[in-house]
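K.L.:
Right, I'll just put the structure down here and ask away after.
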Amino acid sequence: MIRLDNISKRHGKQILFLEASATIFKGEKVGLTGPNGSGKSTIFRMIIREEQADDGQIAVDRGTTIGYFSQDVGEMAGRTVVGETMHGAGAVADAAAELKELELALADPEQAEELDRLIERYGHAQGRYEELGGYALEARAREILAGLGFAQDVMDEDVGKLSGGWKMRVALARILLMRPDALLLDEPTNHLDIESIIWLEQFLKNYEGALVMTSHDREFLNRVVTKILDIDGGDITTYSGNYDFYEQQRAIAEQQAEAQYARQQAMLAKEMRFIERFKTHAAKAAQVQSRVKKLDKIEKVEPPRRRKALHFDFRPPPRSGEDVANLENVAKAYGSKVIYEDFSLLIRRTERWCVMGVNGAGKSTLLRLVAGAAQPDHGRVAVGGSVKLGYFAQHAMDILDPAATVWDTLIGAFPHSSIGSLRTLAGVFGFSGDDIDKPCRILSGGEKSRLVLARMLYDPPNFLVLDEPTNHLDMATKEMLIEALSKYEGTMLFVSHDRHFLAKLSNRVLELTPQGPHKYGGGYTEYVATSGHEAPGLRS
């Protein structure tokens, strides 16, 4: 269906692809992986002809329709949410527009002489619209929007009122409604909550066309894709299987490459020692020449490229008291919406509470109450003795000085730390090379998020309150964070839509439901097994 034949592509001095090839067949579910900047988004743009390969060819079978979702959703205003979703739905949307145009023409007295021709055109357009499932279009659009987390009343409101994250969901819904032959999805789970991610996962599993996607959500990739195209060093390597299988196979291939390289290096060293030892011995001259010729003919094995894993050992936090935070009979409401009523929770040292709940259940409100960023209407919230609290939320990025660079921010926070350790810190959070000289005002949301996390965790508090800390983190940074926090000796209260993050780090679960809070003594994995669902808004 889609073939990349010996493509080469360069951006400035950077070589993205060098005679790389891959094939995507009808119905395949493909994950596109590779380090940041390796060319994943470039592949999408080349497939849809927004960019051209410098050499080689990208071929798409004739008649193949392609739907492309990217993080750049463009302007949205002037239509309802459901209207905007239907407006961009490809051929069926075009057929609907044609029908509307013909209906206006049929009602126009000035076109009465054209009535027979208009009626004939209308019949053809109506047949085409019906063939494309147009009469069920609005129902399908509403079903997709509901799956992506939209309430029914919001679907009929002006799309222009939505935040950027919710407009992303509308753009994704529009692509899914198209039902193209091939879906290209660039980070579709960004800005989605866990319920929407699970719904999308099922939608894509049932989708009959070809799928190519990037995602920083490991569990999502594992459950959806059956093939990986891995970009590294200008080449594309194909692996059959999900993300975990790809990681295992890649590790085996790296070990084999290293062993092959080591064997050849040992053989070459042995031969060179012989040549150096006997090159002046006349009796060994023939053997020396023979070995020199042999070495000239040997095809040298390239040193294996090993993808650098990110590691950082954070300092141990100071010890807190046994009772870290205590909420007693807390009530909280926003206007007529009651969030909590007579709510109590005790968080003890080394507990790692993840908070589950549908949108509006009060997850972020709970974190704000504990962090002191909000006050209860009634009841008491107390933080225990010797507690040093670190609070990460999306608005925490507003505390960054826009004029300061990344390096200024880190060196200003830790003036007595070594330059080497701070450079390592910057590197593991994605700021290498010239990136450390970027002023904060030009950083993306994801970069600001990483910088705030880096500053918080370098000298870690003993109580971490984290609201969606993995948003915008790439797979490598996320794995580094999970590894570091798994060794963390303090206490955690956090919200996350990443199931891998939840399963690895939680040992307590608080589920917020309309019937009241439910507490689970184990982590997220035990919660799923006990409750029978992966998120409160879903039932298995």
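The values are calculated or read from the model by the stated rules, or taken from the named source; none is laboratory data. Everything quoted here is computed from the prediction, not taken from an experiment. When we count neighbours, we look across all protein chains shown, and the Cβ atoms used for this are built from the backbone with ideal geometry, even at glycine.
K.L.:
Exactly one condition in (1) touching a Phe, Trp or Tyr at 6+ places or on another chain (Cβ under 9 Å); (2) under 30 Å from residue 443 (Cα atoms); (3) surrounded by fewer than 17 Cβ atoms within 10 Å (Cβ to Cβ) is false for residue 371; which is it?
P.N.:
(3)
K.L.:
I need a count of the residues in region 257-298 that are small (Gly, Ala, Ser), within 45 Å of the chain's Cα centre (by Cα) and surrounded by 12 or more Cβ atoms within 10 Å (Cβ to Cβ).
P.N.:
Step one: filter region 257-298 for residues small (Gly, Ala, Ser), giving 257, 259, 262, 266, 269, 282-283, 285-286, 290.
Cutting the leftovers down to within 45 Å of the chain's Cα centre (by Cα) gives us 257, 259, 262, 266.
Adding the requirement that they be surrounded by 12 or more Cβ atoms within 10 Å (Cβ to Cβ) leaves 257, 262.
Count: 2.
K.L.:
Could you tell me which residue of region 494-509 is surrounded by the most Cβ atoms within 10 Å (Cβ to Cβ), considering only residues that are in contact with a strand residue (DSSP E or B) (Cβ under 7 Å, 6 or more places away or on another chain) and in a helix (DSSP H, G or I)? Explain how you work it out, then say what you get.
P.N.:
Of all residues in region 494-509, those in contact with a strand residue (DSSP E or B) (Cβ under 7 Å, 6 or more places away or on another chain) come to 494-496, 502, 505-509.
Those still in the list that are in a helix (DSSP H, G or I) too: 502, 505.
Values: 502: 25, 505: 21.
Among those that are in contact with a strand residue (DSSP E or B) (Cβ under 7 Å, 6 or more places away or on another chain) and in a helix (DSSP H, G or I), it is 502.
K.L.:
Still on this model: Going by the structure shown, is residue 192 in contact with a helix residue (DSSP H, G or I) (Cβ under 9 Å, 6 or more places away or on another chain), at pLDDT below 95 and surrounded by fewer than 23 Cβ atoms within 10 Å (Cβ to Cβ)? Before you say what the answer is, go through the steps one by one.
P.N.:
On the way: in contact with a helix residue (DSSP H, G or I) (Cβ under 9 Å, 6 or more places away or on another chain): yes; at pLDDT below 95: yes; surrounded by fewer than 23 Cβ atoms within 10 Å (Cβ to Cβ): yes.
So residue 192 passes the test.
K.L.:
Count, please, the residues in region 486-519 that happen to be touching a Ser or Thr at 6+ places or on another chain (Cβ under 9 Å) and either charged (D, E, K, R) or not assigned by TED's automatic domain parsing to the domain that holds residue 359 (or both).
P.N.:
Selection size over region 486-519: 4.
K.L.:
Select, from 428, 406, the only residue that is within 27 Å of residue 191 (Cβ to Cβ) and without any contact (Cβ under 8 Å) to a residue 60 or more places away in the chain. First the steps, then the outcome.
P.N.:
Details: 428 fails: without any contact (Cβ under 8 Å) to a residue 60 or more places away in the chain.
Result of the check over 428, 406: 406.
K.L.:
Another question, if that's okay. Among 333, 403, which is of a type outside the set (D, E, K, R) and in a loop (DSSP other than H, G, I, E, B)? If you could, list the steps in order and put the result at the bottom.
P.N.:
Details: 333 fails: in a loop (DSSP other than H, G, I, E, B).
Answer to the check: 403.
K.L.:
Same structure again: In region 363-373, which residues are over 24 Å from the mean Cα position of the chain (by Cα) and under 24 Å from residue 150 (Cα atoms)?
P.N.:
We begin by selecting, within region 363-373, every residue over 24 Å from the mean Cα position of the chain (by Cα); these are 365-366, 368-373.
365, 366, listed by residue number.
K.L.:
Moving to a separate point now. Failed condition for residue 512, given (1) under 26 Å from residue 221 (Cα atoms); (2) surrounded by 19 or more Cβ atoms within 10 Å (Cβ to Cβ); (3) in contact with a strand residue (DSSP E or B) (Cβ under 8 Å, 6 or more places away or on another chain), with all others met?
P.N.:
Unmet condition: (1).
K.L.:
Residue pairs, Cβ under 6 Å, 6 or more apart or interchain, first in region 304-323 and more than 24 Å from residue 387 (Cβ to Cβ) and outside the structural domain of residue 421 (by TED's automatic domain parsing), second of a type in the set (Phe, Trp, Tyr) and at pLDDT 80 or above. List them.
P.N.:
So the pair list comes out as 304/261.
K.L.:
List pairs: first residue in region 509-533 and of a type in the set (D, E, K, R), second residue loosely packed, with under 14 Cβ neighbours inside 10 Å anywhere in the structure, Cβ distance under 8 angstrom, at least six positions apart or on different chains.
P.N.:
Close Cβ pairs (under 8 Å, with a partner that is loosely packed, with under 14 Cβ neighbours inside 10 Å) amount to 511/519.
K.L.:
Could you list, in sequence order, all residues of region 351-368 that are among the polar types (S, T, N, Q) and either modelled with pLDDT of 95 or more or buried (at least 16 other Cβ atoms within 10 Å of the Cβ) (or both)? Steps first, please.
P.N.:
Narrowing region 351-368 to residues among the polar types (S, T, N, Q): 359, 364-365.
Result: 364, 365.
K.L.:
Okay, next question. Please go through (1) within 17 Å of the chain's Cα centre (by Cα); (2) modelled with pLDDT of 95 or more for residue 470 and return the number of the only condition it doesn't satisfy.
P.N.:
Against the list (1) within 17 Å of the chain's Cα centre (by Cα); (2) modelled with pLDDT of 95 or more, residue 470 comes up short only on (2).
K.L.:
Among the residues of region 217-252, how many are of a type in the set (A, V, I, L, M) and free of Cβ contacts under 8 Å to residues at least 24 places away in the same chain?
P.N.:
Taking region 217-252 first, the residues of a type in the set (A, V, I, L, M) are 221, 224-225, 228-229, 231, 236, 251-252.
Filter once more, keeping what is free of Cβ contacts under 8 Å to residues at least 24 places away in the same chain: 251-252.
Residues meeting the conditions: 2.
K.L.:
So which residues in region 409-425 are surrounded by fewer than 18 Cβ atoms within 10 Å (Cβ to Cβ) and free of Cβ contacts under 8 Å to residues at least 60 places away in the same chain, if there are any at all?
P.N.:
Applying the first criterion (surrounded by fewer than 18 Cβ atoms within 10 Å (Cβ to Cβ)) to region 409-425 yields 411-421, 423-424.
Hits for region 409-425 are 411, 412, 413, 414, 415, 416, 417, 418, 419, 420, 421, 423.
K.L.:
In the set 16, 32, which member is in contact (Cβ under 8 Å) with a residue 60 or more places away in the chain, in contact with a Lys or Arg (Cβ under 6 Å, 6 or more places away or on another chain) and farther than 24 Å from residue 204 by Cβ?
P.N.:
On the way: 32 fails: farther than 24 Å from residue 204 by Cβ.
Criteria check complete, one pass: 16.
For (1) at pLDDT 95 or above; (2) in contact with a Pro (Cβ under 9 Å, 6 or more places away or on another chain); (3) assigned to a helix (DSSP H, G or I), each residue gets a yes or a no:
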| position | (1), (2), (3) |
| --- | --- |
| 220 | yes, yes, yes |
| 229 | yes, no, no |
| 237 | no, no, no |
| 251 | no, no, yes |
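K.L.:
Sort through 379, 385, 390, 360 and tell me the only one that's under 19 Å from residue 471 (Cβ atoms), in contact (Cβ under 8 Å) with a residue 24 or more places away in the chain and of a type outside the set (D, E, K, R).
P.N.:
On the way: 379 fails: under 19 Å from residue 471 (Cβ atoms); 385 fails: under 19 Å from residue 471 (Cβ atoms); 360 fails: in contact (Cβ under 8 Å) with a residue 24 or more places away in the chain.
Just a single option satisfies the conditions, and that option is 390.
K.L.:
Among the candidates 361, 285, 325, which residue alone is over 30 Å from residue 34 (Cα atoms) and assigned to a helix (DSSP H, G or I)?
P.N.:
The conditions single out 285.
K.L.:
In addition: Determine, yes or no, whether residue 39 is surrounded by 21 or more Cβ atoms within 10 Å (Cβ to Cβ), on the phi > 0 side of the Ramachandran plot and modelled with pLDDT of 85 or more.
P.N.:
Working: surrounded by 21 or more Cβ atoms within 10 Å (Cβ to Cβ): yes; on the phi > 0 side of the Ramachandran plot: yes; modelled with pLDDT of 85 or more: yes.
Taking the combined requirement at face value, the residue satisfies it.
K.L.:
Six or more apart or on different chains, Cβ atoms under 7 Å: show the pairs whose first residue is in region 475-493 and in a helix (DSSP H, G or I) and whose second is crowded, with 22+ Cβ neighbours inside 10 Å and basic (Lys, Arg).
P.N.:
477/450
K.L.:
Scanning for something under 21 Å from the mean Cα position of the chain (by Cα), among the acidic types (Asp, Glu) and farther than 20 Å from residue 482 by Cα, does region 217-233 turn up at least one residue? If you could, list the steps in order and put the result at the bottom.
P.N.:
Restricting attention to region 217-233, the residues satisfying the condition of being under 21 Å from the mean Cα position of the chain (by Cα) are 217-232.
Pick out the ones that are also among the acidic types (Asp, Glu) and you get 217, 219, 230, 232.
Still in the list and also farther than 20 Å from residue 482 by Cα: 230, 232.
Within region 217-233, one or more residues are under 21 Å from the mean Cα position of the chain (by Cα), among the acidic types (Asp, Glu) and farther than 20 Å from residue 482 by Cα.
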